[in-house]
Amino acid sequence: MKVLRKIILPLLVLTVGTAVCAQELTGTLKKIKDTGAITIGYRESSIPFSYLDDKQQPIGYAMDLCTKVVDAVKTELKIPNLKVNLQPVTSSNRIPLLQNGTIDMECGSTTNSVARQQQVAFGPTYFVINVTAAVKKSSGIKSLADLNGKTISTTSGTTSVPLLKQYEKTKNAEVREIYGKDHAESFLLLTQDRTAAFVMDDILLAGQIANSGSPGDYMILSNESLRQEPYSMMLRKDDPQFKALVDKTVGGVMKSGEIHKLYTKWFTSPIPPKGVNMSFPETQPIKDAFANPNDKGV
C-alpha cells in the first residue's frame, strides 16, 4: 500500500502542477497555446518596416523583429511547429483587428501615443520619426507654412492632419486634405499632382520616394517637424504575460547590439525588391531608444 501511495502521490502532484501551469497562461499566450497559431498583422506599403516584396510576401525591419518574438513564443510554449498566420492591416483597421482577436500583434509603422495607449499596449520603441511633408521640388514649397491654400494627402487613420492643425505655423492655414487608404496611395496622389504635399512620417516619405520612378523629383521638408514620434509593435491591452515576453525579446535584441545589424540591413543598405538604399543612418533619438528600451508614448 505504501508503495502504491509513493507512486500515486507524485503522479497527483505532476497532474496538479500541469493543470496549474495551464491555468497560468492568460491572454494572447493562452490563445496561441489553445489554437497552435499566432497571427501577425502587417502593412503592405510601410517601407522598410513592413511591406510586400516582389513575391507579395511581407518583409521589413518590423517583420524581422516580430519574427524574433514568434521564435520566443515557440520556445516559451514549447511549440516548435507553431503556425504563423499573416494578416494585412491598414492604419484604419489595425486597432479594431487587434482588439477583436483577428491579429495577435501588429508589426508595422505604428506610433506609440498616449491616446492609443487607452486602447492598446506597445512593445519597446524600435524607431523614432519626425512628422513632416514630402513635396515636388518644382512646387516651390519650402516650408510647412507654404501649404496654406494647398491640398495635401495623408493616410487614413494616422496622426498627420491633427498635428498639422495644431502646429503653430499652420494652425490657421487653409489646407484641404485627401486621404489615401495606405502610404502608397497617398504618395500616388502627390505624384499625380492631385495634391501639393504628402504629410507623413519622414522615414515613410523617404521609403516612398526611394522606390518611386523619379526619386530626384521629390524632397522632404526635413528642416521642420510637426512632432517627434516613437514606433513600436502594437499589442493587446491588459495582457501582461505576452507584453513581458515581447519586452524581454525586443529589449534583448537591443541590449545585445543585434539591433544595429538589423538597422543597417534595412536603413543603410540596398533593400528588396528594387535594391534601393534608404540612406537613413541612426539618429540620436533612435540610438537612445536602443540603449534604453522603453514603451513611452507621445
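Structure above, values below:
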read-out	value
Members of region 222-257 that are touching a residue at least 12 places away in the same chain (Cβ under 8 Å), farther than 17 Å from T67 by Cβ and of a type in the set (A, V, I, L, M)	L226
Subset of region 181-224 that is hydroxyl-bearing (S, T, Y) and at pLDDT below 95 - its residue that is farthest from T158 (Cα to Cα)	S214
Residues of region 99-119 that turn out to be outside any loop (DSSP other than H, G, I, E, B) and open to solvent by less than 10 Å² (accessible area, probe 1.4 Å), as a count	4
Wholly enclosed strands (runs of 3 or more DSSP E) of region 120-221 bearing at least 2 residues over 23 Å from D64 (Cα atoms) and either hydroxyl-bearing (S, T, Y) or in contact (Cβ under 8 Å) with a residue 24 or more places away in the chain (or both)	127-136, 151-155, 176-180, 197-201, 218-220
Condition check for K55: among the basic types (K, R), modelled with pLDDT of 95 or more and part of a helix (DSSP H, G or I)	no
Per-region count, region 72-93, residues assigned to a helix (DSSP H, G or I), free of Cβ contacts under 8 Å to residues at least 12 places away in the same chain and either open to solvent by 70 Å² or more (accessible area, probe 1.4 Å) or closer than 20 Å to T111 by Cα (or both)	1
Residue that is least open to solvent (accessible area, probe 1.4 Å) [pool: residues in region 260-298 that are of a type in the set (D, E, K, R) and within 20 Å of M233 (Cβ to Cβ)]	E282
Failed criterion for T67 (all others in (1) part of a loop (DSSP other than H, G, I, E, B); (2) farther than 19 Å from D182 by Cβ; (3) among the polar types (S, T, N, Q); (4) free of Cβ contacts under 8 Å to residues at least 24 places away in the same chain hold)	(1)
Any chance Y218 is open to solvent by 20 Å² or more (accessible area, probe 1.4 Å) and touching a helix residue (DSSP H, G or I) at 6+ places or on another chain (Cβ under 6 Å)	yes
Test: residue in region 238-251 that is in a loop (DSSP other than H, G, I, E, B) and out of contact with any Cys (no Cβ under 6 Å at 6 or more places or on another chain)	yes
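The values are calculated or read from the model by the stated rules, or taken from the named source; none is laboratory data. The model shown is predicted, which means the values in this text are computed figures rather than measured ones. Ideal geometry is used to build each Cβ from the backbone, glycine not excepted, and the neighbour counts take in all protein chains shown. Note: areas computed on protein heavy atoms with side chains; ligands, DNA, RNA excluded. Shrake-Rupley method; radii C 1.70, N 1.55, O 1.52, S 1.80 Å.
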